[in-house]
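The values are calculated or read from the model by the stated rules, or taken from the named source; none is laboratory data. Quick caveat: nothing in here was measured; it's all calculated off a predicted structure. We place every Cβ from the backbone using ideal geometry, glycine too, and count neighbours over all the protein chains shown. Surface accessibility is based on the protein's heavy atoms, side chains included, excluding ligands, DNA and RNA. Shrake-Rupley method; radii C 1.70, N 1.55, O 1.52, S 1.80 Å.
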Amino acid sequence: MEIKTKIKGQGAQRNVANRFERYTHEPDEGDVDSRKTTFTEVFPKSIVNKVKSPDISMEYSLNPYQGCEHGCAYCFARPTHEYWGYSAGVDFERNIMVKKNAPELLEKFFRRKGYQPKTITLSGNTDPYQPAERQLQLTRQLLEKFLAYRHPVSFITKNALILRDLDILTKLSELNLVSVNMSIPTLNEDLRRVMEPRTSSVSNKLKAVETLSQNGIPVNVMAAPVIPGLNSEEGLSLYKTVSELGALSAHHALIRLNDSVEPVFVQWLETYYPDRAAKVLNLIRSMRGGELGEKRFFERYKGEGNIAEMIHNTYKLARRKYFSGKSMPSLSTEHFTGSTVQQLSLF
(Lines give C-alpha, C1' and ligand atoms only; values in the text may rest on other atoms or scores of the structure.)
Protein backbone atom coordinates (compact mmCIF):
# COMPACT_ATOMS: atom_id res chain seq x y z
CA MET A 1 0.00 0.00 0.00
CA GLU A 2 1.51 3.31 -1.06
CA ILE A 3 1.38 6.10 1.51
CA LYS A 4 0.64 9.41 -0.16
CA THR A 5 1.12 11.59 2.91
CA LYS A 6 3.18 11.22 6.04
CA ILE A 7 1.22 10.82 9.25
CA LYS A 8 2.60 13.42 11.64
CA GLY A 9 3.57 12.28 15.11
CA GLN A 10 3.30 8.60 14.29
CA GLY A 11 5.80 5.89 13.48
CA ALA A 12 3.55 3.33 11.78
CA GLN A 13 2.07 4.69 8.57
CA ARG A 14 -0.67 2.05 8.42
CA ASN A 15 -1.88 -1.10 10.12
CA VAL A 16 -0.23 -4.40 9.21
CA ALA A 17 -1.72 -7.89 9.16
CA ASN A 18 -2.24 -9.56 12.53
CA ARG A 19 -0.71 -13.04 12.30
CA PHE A 20 -3.49 -14.42 14.53
CA GLU A 21 -6.38 -12.93 12.54
CA ARG A 22 -7.75 -14.19 9.24
CA TYR A 23 -8.95 -10.78 8.09
CA THR A 24 -7.42 -7.34 8.49
CA HIS A 25 -9.33 -4.07 8.32
CA GLU A 26 -7.30 -1.25 6.85
CA PRO A 27 -9.03 2.15 7.19
CA ASP A 28 -8.74 4.82 4.53
CA GLU A 29 -5.54 6.85 4.74
CA GLY A 30 -7.40 9.94 5.92
CA ASP A 31 -9.07 7.96 8.68
CA VAL A 32 -5.71 6.64 9.87
CA ASP A 33 -4.29 10.15 9.92
CA SER A 34 -7.16 11.53 12.02
CA ARG A 35 -7.41 8.72 14.57
CA LYS A 36 -7.39 9.73 18.20
CA THR A 37 -5.66 7.68 20.86
CA THR A 38 -8.07 5.53 22.85
CA PHE A 39 -7.50 4.13 26.32
CA THR A 40 -9.05 0.88 27.51
CA GLU A 41 -8.89 -0.31 31.09
CA VAL A 42 -7.93 -3.96 31.48
CA PHE A 43 -7.89 -6.06 34.62
CA PRO A 44 -4.90 -8.43 34.83
CA LYS A 45 -4.68 -10.85 37.73
CA SER A 46 -0.95 -10.28 38.14
CA ILE A 47 1.40 -7.46 37.16
CA VAL A 48 4.98 -8.69 37.76
CA ASN A 49 6.47 -10.93 35.09
CA LYS A 50 9.34 -13.36 35.51
CA VAL A 51 11.87 -12.76 32.73
CA LYS A 52 12.98 -16.12 31.36
CA SER A 53 15.17 -15.04 28.44
CA PRO A 54 18.74 -16.20 29.20
CA ASP A 55 20.36 -13.22 27.46
CA ILE A 56 18.48 -10.52 29.40
CA SER A 57 19.89 -9.49 32.77
CA MET A 58 16.63 -8.35 34.38
CA GLU A 59 14.78 -10.89 36.55
CA TYR A 60 11.35 -9.28 36.80
CA SER A 61 9.50 -6.77 34.63
CA LEU A 62 6.36 -4.71 35.11
CA ASN A 63 4.33 -2.91 32.46
CA PRO A 64 1.45 -0.64 33.55
CA TYR A 65 0.57 0.05 29.90
CA GLN A 66 0.14 -2.18 26.86
CA GLY A 67 0.80 -0.40 23.58
CA CYS A 68 2.83 2.81 23.41
CA GLU A 69 2.13 6.30 22.12
CA HIS A 70 5.79 7.06 21.48
CA GLY A 71 5.48 5.70 17.95
CA CYS A 72 8.90 4.17 17.40
CA ALA A 73 8.66 2.22 14.13
CA TYR A 74 11.35 -0.25 15.25
CA CYS A 75 9.77 -1.13 18.63
CA PHE A 76 10.22 -4.83 19.44
CA ALA A 77 7.03 -4.79 21.55
CA ARG A 78 4.71 -4.17 18.61
CA PRO A 79 3.91 -7.88 17.96
CA THR A 80 2.61 -8.27 21.54
CA HIS A 81 -0.38 -6.11 20.59
CA GLU A 82 -1.54 -8.86 18.26
CA TYR A 83 -2.39 -11.07 21.23
CA TRP A 84 -5.10 -8.55 22.09
CA GLY A 85 -6.60 -8.63 18.60
CA TYR A 86 -4.95 -5.42 17.42
CA SER A 87 -2.44 -4.63 14.70
CA ALA A 88 1.22 -4.00 15.43
CA GLY A 89 0.98 -0.93 13.22
CA VAL A 90 -1.16 2.12 13.96
CA ASP A 91 -3.19 0.21 16.57
CA PHE A 92 -0.10 -0.26 18.74
CA GLU A 93 0.28 3.52 19.01
CA ARG A 94 -3.40 4.51 19.14
CA ASN A 95 -5.06 1.76 21.20
CA ILE A 96 -3.48 1.81 24.65
CA MET A 97 -4.53 -0.60 27.38
CA VAL A 98 -4.26 0.68 30.91
CA LYS A 99 -3.76 -1.49 33.99
CA LYS A 100 -5.21 0.75 36.70
CA ASN A 101 -5.01 -2.01 39.30
CA ALA A 102 -1.22 -2.29 38.85
CA PRO A 103 -0.32 -0.63 42.21
CA GLU A 104 -2.70 -2.94 44.07
CA LEU A 105 -1.29 -5.99 42.31
CA LEU A 106 2.29 -4.90 43.01
CA GLU A 107 1.56 -4.61 46.72
CA LYS A 108 -0.03 -8.05 46.64
CA PHE A 109 3.14 -9.38 44.98
CA PHE A 110 5.34 -7.84 47.69
CA ARG A 111 3.25 -9.43 50.43
CA ARG A 112 3.54 -12.99 49.18
CA LYS A 113 4.66 -15.37 51.88
CA GLY A 114 8.38 -15.99 51.73
CA TYR A 115 8.99 -13.47 48.95
CA GLN A 116 12.67 -12.60 48.49
CA PRO A 117 13.10 -9.18 46.84
CA LYS A 118 14.85 -8.82 43.50
CA THR A 119 15.00 -5.74 41.30
CA ILE A 120 11.84 -5.20 39.25
CA THR A 121 12.27 -3.34 35.96
CA LEU A 122 9.71 -0.92 34.57
CA SER A 123 9.15 -1.64 31.71
CA GLY A 124 10.69 -4.42 29.68
CA ASN A 125 7.97 -4.01 27.07
CA THR A 126 6.34 -0.56 26.76
CA ASP A 127 7.48 2.74 28.26
CA PRO A 128 6.16 3.48 31.77
CA TYR A 129 6.56 7.21 31.10
CA GLN A 130 4.74 7.38 27.78
CA PRO A 131 2.47 10.45 27.31
CA ALA A 132 -0.57 8.87 29.00
CA GLU A 133 1.36 8.73 32.27
CA ARG A 134 1.20 12.51 32.57
CA GLN A 135 -2.50 12.27 33.45
CA LEU A 136 -2.95 8.69 34.66
CA GLN A 137 0.09 8.63 36.99
CA LEU A 138 0.17 4.85 37.30
CA THR A 139 3.95 4.79 37.30
CA ARG A 140 4.06 7.35 40.09
CA GLN A 141 1.63 5.24 42.14
CA LEU A 142 3.87 2.23 41.58
CA LEU A 143 6.89 4.24 42.69
CA GLU A 144 5.10 5.08 45.91
CA LYS A 145 4.67 1.35 46.55
CA PHE A 146 8.35 0.67 45.85
CA LEU A 147 9.29 3.39 48.33
CA ALA A 148 6.81 2.21 50.98
CA TYR A 149 8.18 -1.33 50.81
CA ARG A 150 11.82 -0.24 50.33
CA HIS A 151 12.02 -2.44 47.24
CA PRO A 152 14.61 -1.97 44.43
CA VAL A 153 13.32 -0.77 41.06
CA SER A 154 14.93 -0.02 37.71
CA PHE A 155 13.53 1.95 34.77
CA ILE A 156 13.80 1.77 31.00
CA THR A 157 12.43 4.93 29.42
CA LYS A 158 12.98 7.47 26.67
CA ASN A 159 10.84 10.18 28.23
CA ALA A 160 12.00 13.08 30.38
CA LEU A 161 8.66 12.89 32.20
CA ILE A 162 10.58 10.75 34.70
CA LEU A 163 11.81 14.04 36.22
CA ARG A 164 8.28 14.69 37.48
CA ASP A 165 8.88 11.96 40.06
CA LEU A 166 12.28 13.22 41.16
CA ASP A 167 11.01 13.61 44.73
CA ILE A 168 10.34 9.86 45.09
CA LEU A 169 13.34 8.81 43.02
CA THR A 170 15.65 10.82 45.25
CA LYS A 171 14.32 9.11 48.37
CA LEU A 172 14.79 5.72 46.74
CA SER A 173 18.34 6.60 45.69
CA GLU A 174 19.27 7.45 49.29
CA LEU A 175 18.75 3.75 50.06
CA ASN A 176 20.34 2.54 46.79
CA LEU A 177 16.96 1.33 45.52
CA VAL A 178 16.72 2.83 42.03
CA SER A 179 18.53 3.05 38.69
CA VAL A 180 17.50 4.45 35.32
CA ASN A 181 18.19 3.26 31.78
CA MET A 182 17.61 6.22 29.47
CA SER A 183 17.15 5.32 25.81
CA ILE A 184 18.95 7.78 23.53
CA PRO A 185 19.57 6.25 20.10
CA THR A 186 20.57 9.54 18.46
CA LEU A 187 21.72 13.10 19.17
CA ASN A 188 20.25 14.24 15.86
CA GLU A 189 16.95 15.96 16.69
CA ASP A 190 15.73 15.83 13.09
CA LEU A 191 16.21 12.06 13.07
CA ARG A 192 14.71 11.69 16.56
CA ARG A 193 11.61 13.61 15.50
CA VAL A 194 10.68 11.03 12.86
CA MET A 195 12.30 7.91 14.36
CA GLU A 196 10.55 8.21 17.75
CA PRO A 197 8.05 11.02 17.13
CA ARG A 198 6.28 11.27 20.48
CA THR A 199 9.23 10.81 22.81
CA SER A 200 11.06 13.64 24.54
CA SER A 201 13.37 15.80 22.45
CA VAL A 202 17.09 15.05 22.49
CA SER A 203 17.77 18.13 24.61
CA ASN A 204 15.17 17.08 27.19
CA LYS A 205 16.55 13.55 27.35
CA LEU A 206 20.03 14.89 27.95
CA LYS A 207 18.68 17.23 30.60
CA ALA A 208 17.06 14.22 32.29
CA VAL A 209 20.40 12.36 32.33
CA GLU A 210 22.09 15.38 33.89
CA THR A 211 19.38 16.07 36.47
CA LEU A 212 19.05 12.45 37.57
CA SER A 213 22.82 12.13 37.89
CA GLN A 214 23.11 15.34 39.88
CA ASN A 215 20.56 13.94 42.31
CA GLY A 216 22.53 10.75 42.91
CA ILE A 217 20.36 8.52 40.72
CA PRO A 218 22.56 6.18 38.65
CA VAL A 219 21.93 6.41 34.91
CA ASN A 220 22.84 4.00 32.13
CA VAL A 221 22.28 5.24 28.57
CA MET A 222 20.97 2.78 26.01
CA ALA A 223 22.04 3.59 22.45
CA ALA A 224 19.39 1.41 20.90
CA PRO A 225 18.69 0.53 18.28
CA VAL A 226 21.79 1.16 16.23
CA ILE A 227 20.62 1.37 12.62
CA PRO A 228 23.35 1.24 9.96
CA GLY A 229 23.08 4.14 7.56
CA LEU A 230 21.01 6.24 10.00
CA ASN A 231 22.62 6.57 13.44
CA SER A 232 25.47 4.04 13.46
CA GLU A 233 28.20 6.69 13.32
CA GLU A 234 27.14 8.45 16.53
CA GLY A 235 28.78 6.14 19.07
CA LEU A 236 31.72 8.34 20.07
CA SER A 237 29.81 11.64 20.18
CA LEU A 238 26.84 10.12 22.00
CA TYR A 239 28.89 8.38 24.67
CA LYS A 240 31.09 11.45 25.19
CA THR A 241 28.04 13.68 25.66
CA VAL A 242 26.18 11.50 28.16
CA SER A 243 29.33 10.67 30.13
CA GLU A 244 30.03 14.37 30.60
CA LEU A 245 26.45 14.80 31.86
CA GLY A 246 27.00 12.21 34.58
CA ALA A 247 25.89 8.87 33.11
CA LEU A 248 27.73 5.97 34.74
CA SER A 249 27.58 3.57 31.79
CA ALA A 250 26.27 3.13 28.26
CA HIS A 251 25.37 0.18 26.06
CA HIS A 252 24.24 -0.32 22.49
CA ALA A 253 22.10 -2.84 20.61
CA LEU A 254 21.80 -3.55 16.90
CA ILE A 255 18.42 -3.23 15.25
CA ARG A 256 16.43 -6.40 14.58
CA LEU A 257 13.06 -6.50 12.87
CA ASN A 258 11.16 -9.57 13.98
CA ASP A 259 7.67 -10.59 12.84
CA SER A 260 5.31 -7.64 12.28
CA VAL A 261 7.94 -5.08 13.24
CA GLU A 262 9.50 -5.61 9.81
CA PRO A 263 6.65 -4.26 7.62
CA VAL A 264 6.08 -1.32 10.01
CA PHE A 265 9.74 -0.31 9.90
CA VAL A 266 10.11 -0.85 6.16
CA GLN A 267 7.05 1.31 5.45
CA TRP A 268 8.39 4.01 7.78
CA LEU A 269 11.84 3.92 6.18
CA GLU A 270 10.46 4.12 2.66
CA THR A 271 8.21 7.03 3.68
CA TYR A 272 10.81 9.20 5.44
CA TYR A 273 14.08 8.12 3.81
CA PRO A 274 13.20 6.83 0.32
CA ASP A 275 16.62 7.78 -1.04
CA ARG A 276 18.47 5.47 1.36
CA ALA A 277 15.85 2.85 2.25
CA ALA A 278 17.31 0.10 0.08
CA LYS A 279 20.81 0.76 1.39
CA VAL A 280 19.76 0.67 5.06
CA LEU A 281 17.77 -2.53 4.60
CA ASN A 282 20.68 -4.21 2.82
CA LEU A 283 23.04 -3.18 5.61
CA ILE A 284 20.69 -4.70 8.19
CA ARG A 285 20.50 -7.91 6.15
CA SER A 286 24.30 -8.04 6.06
CA MET A 287 24.26 -8.17 9.88
CA ARG A 288 21.45 -10.71 10.08
CA GLY A 289 22.49 -13.47 7.70
CA GLY A 290 20.40 -12.11 4.85
CA GLU A 291 17.31 -11.50 6.99
CA LEU A 292 16.00 -8.41 8.75
CA GLY A 293 15.21 -10.17 12.02
CA GLU A 294 16.91 -12.47 14.50
CA LYS A 295 15.29 -14.41 17.37
CA ARG A 296 18.06 -16.70 18.58
CA PHE A 297 19.14 -15.97 22.13
CA PHE A 298 22.49 -14.18 22.38
CA GLU A 299 22.86 -14.12 18.58
CA ARG A 300 20.12 -11.48 18.33
CA TYR A 301 22.41 -8.96 20.04
CA LYS A 302 25.62 -9.91 18.23
CA GLY A 303 24.88 -9.74 14.54
CA GLU A 304 27.45 -10.95 12.02
CA GLY A 305 29.68 -9.69 9.24
CA ASN A 306 31.90 -6.67 8.74
CA ILE A 307 29.24 -4.03 9.34
CA ALA A 308 28.21 -5.50 12.70
CA GLU A 309 31.86 -5.85 13.71
CA MET A 310 32.67 -2.23 12.83
CA ILE A 311 29.67 -0.97 14.82
CA HIS A 312 30.53 -3.07 17.86
CA ASN A 313 34.16 -1.93 17.76
CA THR A 314 33.15 1.74 17.57
CA TYR A 315 30.87 1.52 20.58
CA LYS A 316 33.37 -0.56 22.55
CA LEU A 317 36.01 2.07 21.88
CA ALA A 318 33.62 4.80 23.00
CA ARG A 319 32.86 2.91 26.22
CA ARG A 320 36.55 2.47 27.03
CA LYS A 321 37.28 6.10 26.24
CA TYR A 322 34.44 7.76 28.12
CA PHE A 323 33.34 5.32 30.82
CA SER A 324 36.64 3.99 32.13
CA GLY A 325 36.41 3.70 35.90
CA LYS A 326 32.63 4.17 35.91
CA SER A 327 30.01 1.51 36.62
CA MET A 328 26.40 1.09 37.65
CA PRO A 329 25.85 0.01 41.28
CA SER A 330 24.02 -3.16 42.29
CA LEU A 331 20.76 -2.19 43.95
CA SER A 332 20.10 -3.08 47.57
CA THR A 333 17.52 -5.58 48.85
CA GLU A 334 18.42 -5.27 52.52
CA HIS A 335 15.86 -2.55 53.28
CA PHE A 336 12.80 -4.50 52.11
CA THR A 337 10.04 -4.18 54.71
CA GLY A 338 7.82 -7.01 53.47
CA SER A 339 4.67 -7.54 55.50
CA THR A 340 5.79 -4.99 58.11
CA VAL A 341 5.04 -2.01 55.84
CA GLN A 342 1.58 -1.48 57.30
CA GLN A 343 2.95 -1.32 60.82
CA LEU A 344 5.74 1.06 59.75
CA SER A 345 3.23 3.38 58.08
CA LEU A 346 1.60 4.01 61.47
CA PHE A 347 4.62 5.89 62.79
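Note on LEU236 and SER330: the model spin-label points, each 7 Å out from Cα along the C-beta direction, lie 3.6 nm apart.
Fully extending the segment from ASN306 to GLU41 would add 90.7 nm, taking 0.36 nm per residue of separation and subtracting the current Cα-Cα distance. Applying the Kirkwood pairwise sum to the alpha-carbon positions of the chain produces a hydrodynamic radius of 21.0 angstrom.
Go through LYS45/LYS158; LYS50/LYS158; LYS118/LYS145; LYS158/LYS321; LYS118/LYS205; LYS145/LYS171 and tell me which ones have a Cα-Cα distance over 21 Å in this structure. From LYS45/LYS158; LYS50/LYS158; LYS118/LYS145; LYS158/LYS321; LYS118/LYS205; LYS145/LYS171, over 21 Å: LYS45/LYS158; LYS50/LYS158; LYS158/LYS321; LYS118/LYS205.
Within the shell defined by Cβ-Cβ distances under 15 Å, the residues around PRO228 carry a net charge of 0, with Lys and Arg each +1 and Asp and Glu each -1.
Do the alpha carbons of any pairs in LYS108/LYS295; LYS36/LYS240; LYS6/LYS279; LYS240/LYS302 sit beyond 31 Å of each other, and which pairs? The pairs that break the limit, which is 31 Å between Cα atoms, are LYS108/LYS295; LYS36/LYS240. Using the charge dipole of segment 38-323 (Lys, Arg: +1 at Cβ; Asp, Glu: -1 at Cβ; taken about the Cα centre), state which of ASN306, LEU166, LEU230 has its Cα farthest towards the positive end. My answer, from the dipole projection, is LEU166. Averaged over its residues, the chain has an accessible area of 46 Å² per residue, based on protein heavy atoms and a 1.4 Å probe. Evaluated with a Cβ-only charge set (Lys, Arg +1; Asp, Glu -1), the chain carries a dipole of roughly 840 debye about its Cα centre, given to the nearest 20.
Segment 201-248 and segment 70-97 have Cα centres separated by 26 Å. With the charge dipole of segment 38-323 set up from +1 on Lys and Arg Cβ and -1 on Asp and Glu Cβ about the Cα centre, the Cα lying farthest toward the positive end among the listed residues ILE120, VAL90, PRO64 is that of ILE120. Rg to Rh for segment 282-328: what is it, with Cα atoms only and Rh by Kirkwood? Ratio of gyration radius to Kirkwood radius: 1.10. Computed from the Cβ-Cβ distance with R0 of 22 Å, the FRET efficiency linking ARG320 to SER286 stands at 0.30. Computing FRET efficiency as 1/(1 + (r/R0)^6) for SER57 and SER203, where r is the C-beta to C-beta distance and R0 is 30 Å, gives about 0.50.
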